[in-house]
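Each value in this text was obtained by applying a stated rule to the coordinates, not by laboratory testing. Nothing here was measured: the structure is a model prediction, and the numbers come from that model. Glycine gets a Cβ as well: all are built from the backbone with ideal geometry, and neighbour counts include every protein chain shown.
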């Protein structure tokens, strides 16, 4: 496979660059040792996922106890002119070994000047304003093993230059060392009938994961309006996956060009949100849209409780081929924040297909116990999933997840 | 002779102006003088310790840091970073206060590296589960209230003006506030907050004052007591630094992301 042949020297080169970043930072730090500020923190977590229905595919289990660790190390010197930031992540799943993984979420050196900043290394970047889908957010690969909603990301190697002007902020990215999306194994849930393996997914680009990639973003705000335009050229983060007639999988990471716009207008208690992308590749073109609002009833009756109501419409012109299965759907959600000492929060969301029967329901709750223990409870239900959609494959994967994280 | 008449005329005008000053005018004048008195700190940094106490006396402690950029034409800009509880460490807010229109406010969520513009409408809600509302801690621009002078009083052994100020914004959680301002240096000594039903809701007391750069009086401790719930919150301010050379560029969305790491 093309994908695996280049992997050896690719990993070597990536390690060499990361080592150079650390060594360089270390030298610079020692030279300024009097003004160095360091901070070590992080969390360890226990997670238990329980799938309420028996799996559709042979080998699938129901109970998934797991542990995670996320160490963080931060160094700054010369009063914050130079920064080294590290966040690692590790997961051990006792049921599905394919879910065991280590990742460097972030490891970058940064220099900060008055109007600009430059970062080198593995970094996470977030773009966008909507809640149901994150269309314009393209820089990092999704950590598919950690998050169903796509909010957990893998670190991306980059050179990032940000320049502030009176007419907005310009962000320039030069990237390489693409990360493939990871998928659950035979024991796992939320998977295709045949588990997707790394080697099954190939690249359109002859340079595979080492292909140089570029992105540019301009963002600004005018009174109540925040706006961003972005353009990306490189390996698509989302593979194009299909199932052959014999049930076997095929898939490829295309080379894509993607233009995106994100816009939010903040008028009184209402946030108006809009995200849209146009993606071009030789294999597949697409357009997608997420538009909606968030209304907050703040401090209801002087109780301190906030109730937020969210509504969004999602469109994806790939139709049935969309991995997200959001070809024409409505998202309705509510957020209840108690604003108490324990930061108690409850989130409810449902995605309803406009043309089909499919309903996705989610409920998330979180609360702090004492000063450093946080509990999260999450439930996701797949209801009346249409057999025309990709997530039809997950129709038996209703689950409950309890997470306990201890922060240090 | 002409000169004498002129002098008398001037005295009369001056006198009548003093007599004609309504309690509203006098209150506004005091608020403006207080604001003027504190002008010129340019920028400041301070570390905060917030202690929340419920009615059973159980305590919970949080650490924050704050940077402020003084602006004269427009309202101040500020950056607040939460350092604890640890699960929200790195969460930060960037606020551009405005004198006339709603403030602009952005929130940074470090776990997903997201900057989110938030509504500044919800000013009456509790700040981090404390007895302070967002509006109690935001930059106190003169234009945000209308004023009325009430009386002179003696508080903490100091002579003070007592003025009433009514929030202009209908979204405020208060009908009015009574403010005790020290006559000699305009530092606030105490504020009483009256809720929308005009009942006494909270009292804020200032203590451990120190003067910086000769004229900027800052309390080392704020104590907010909620009379309706019996809960209280103490804010301790440490390591005040003024004229620290911060500029507009230090209050950008990039600075917000960096502050949150």
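Worth a mention:
- Three-way shape label, the stretch B:120-261, alpha-carbon gyration tensor, a/c 1.5: oblate
- A full extension of the chain between residue A:355 and residue A:166 corresponds to an added length of 63.5 nm, given 0.36 nm per residue minus the alpha carbon distance.
- Degrees between helix B:2-20 axis and first principal axis of chain B (Cα, 0 to 90, nearest 10): 40
- Spacing of the modelled spin labels on residue A:261 and residue A:13, each 7 Å from Cα toward Cβ, amounts to 3.7 nm.
- Label sites at residue A:27 and residue A:220, each approximated as a point 7 angstrom past Cα along Cα to Cβ, lie 4.0 nm apart.
- Alpha carbon convex hull of the protein assembly as shown, projected area averaged over orientations, nm²: 34.8
- Residue B:61 paired with residue A:317, simple spin-label distance in nm, labels 7 Å along Cα-to-beta-carbon: 5.9
- For residues of B:83-91, the mean tally of beta carbons on other chains within 10 Å: 6
- Relative contact order, percent, the stretch A:84-144 [alpha-carbon distance under 8 Å, six or more residues apart]: 23
- Per residue of peptide B:108-117, the mean number of Cβ atoms on other chains within 10 Å of the residue Cβ is 6.
- Within the stretch B:115-133: backbone nitrogen closer than 20 Å to the residue B:196 label point (7 Å, Cα to C-beta): B:119-133
- Rounded Å value of the spacing that divides the Cα centres of the stretch A:251-304 and the stretch A:349-388: 19
- For the stretch B:180-259, the square roots a ≥ b ≥ c of the C-alpha gyration tensor eigenvalues yield an a/c of 1.5 or more together with a/b not exceeding b/c, which makes the shape oblate.
- Cα centroid of the stretch A:17-92 to Cα centroid of the stretch B:61-92, whole Å: 25
- FRET efficiency, residue B:54 to residue A:198 (Cβ-Cβ, R0 60 Å, nearest 0.05): 0.70
- With a Förster radius of 41 Å applied to the C-beta separation of residue A:332 and residue B:73, the computed FRET efficiency comes to 0.40.
- For the peptide B:95-102, the mean number of other protein chain Cβ atoms found within 10 angstrom of a residue's Cβ is 1.
- Residues residue A:342 and residue A:174, FRET efficiency given R0 of 45 Å [Cβ-Cβ distance, rounded to 0.05]: 0.55
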